[in-house]
1. Quick one: if the Förster radius is 35 Å, what FRET efficiency do H69 and R112 give, using the C-beta to C-beta distance and rounding to 0.05?
2. For the range 54-167, with all protein chains present and a 1.4 Å probe, just round the carbon and sulfur fraction of the accessible area to a whole percent.
3. Once the other residues with Cβ under 13 Å from the Cβ of A78 are scored (Lys, Arg +1; Asp, Glu -1), what is the net sum?
4. Which FRET efficiency value, to the nearest 0.05, is calculated for R146 and V46 with the Förster distance at 25 angstrom and r the Cβ-Cβ distance?
5. Can you give the extra length, in nm with one decimal, that the chain gains between W101 and H122 once fully stretched, where that is 0.36 nm per residue apart less the Cα-Cα distance?
6. R130 to F199: FRET efficiency via 1/(1 + (r/R0)^6), r the Cβ-Cβ distance, R0 45 Å, to the nearest 0.05?
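The values are calculated or read from the model by the stated rules, or taken from the named source; none is laboratory data. Keep in mind that this is a model prediction, so the values were computed, not measured. Cβ coordinates were reconstructed from backbone atoms using ideal geometry, including for glycine residues, and neighbour counts include every protein chain displayed. Accessible surface is based on the protein model in full, side chains and every heavy atom, while ligands, DNA and RNA are left aside. Shrake-Rupley method; radii C 1.70, N 1.55, O 1.52, S 1.80 Å.
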Amino acid sequence: MQRPCPPMARRLAILVLAACLSPSTALAEAPQVSAYVARYSPERLVDIISEPPPELTTDAHLAAVTYGHPLGDWLGFAWEVEGQLVRHWGEQSHYEFNALWLARWQRFPWDRWVDTRIAGGHGLSYATERPPLEPRASREDRDSTRLLTYLMAEVEVAAPGAQHWRGFLRVHHRSGVFGLHSGVRGGSNFVGLGIRYRFPGP
């Protein structure tokens, strides 16, 4: 026979769930500007996320500036659109322009110690040259193209009570999506650190 859940455990579970599901409209309604620098990783996106820290060996870097605009809250997430201007240097040298939408989860039970946000995004990426570092699955696959799918994953942190300035770790990913873009099966991953300023809300 299953033991009943103790009252204290039930109360703790309810408090944790309420903290995670409570809306945070102040951040959701605030536009932001960000800047980050990142370094190329030869590892797959799934390995970078599931088995940190990633390998960072190639002399290829990028710097990005972004502007994010809020769309509102839905299903507990803060939804945003973001535009990026990216400059590459090192083993590949070109500009990159990205546009994406993203969903940001803003509530964690440990926020009183480390205010945390996680986000994932999807959109399109246009490079001014064909990036030479975007690997192919085999010799028969075509080289990369300028237009690919863009994906990102991010962890953002700040001191408790911080209103405007935050730091973040981001994975910056271009992908052919298994041949969806002109038969390209390769992609590239950059891992970097950035800083973000959120404007005061309305």
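1. Details: r = 29 Å, r/R0 = 0.82.
The pair H69/R112 has a calculated efficiency of 0.75.
2. 61 percent
3. On the way: positive: R104, R107, R117, R198; negative: E29, D73, E80, E82, E154, E156.
Local net charge: -2.
4. Numbers: r = 25 Å, r/R0 = 0.99.
E(calc), rounded to 0.05, equals 0.50.
5. Working: separation 21, 0.36 × 21 = 7.56 nm, distance 0.58 nm.
The span from W101 to H122 would gain 7.0 nm if fully extended.
6. Values: r = 37 Å, r/R0 = 0.81.
Given R0 = 45 Å and the Cβ-Cβ separation, E is 0.80.
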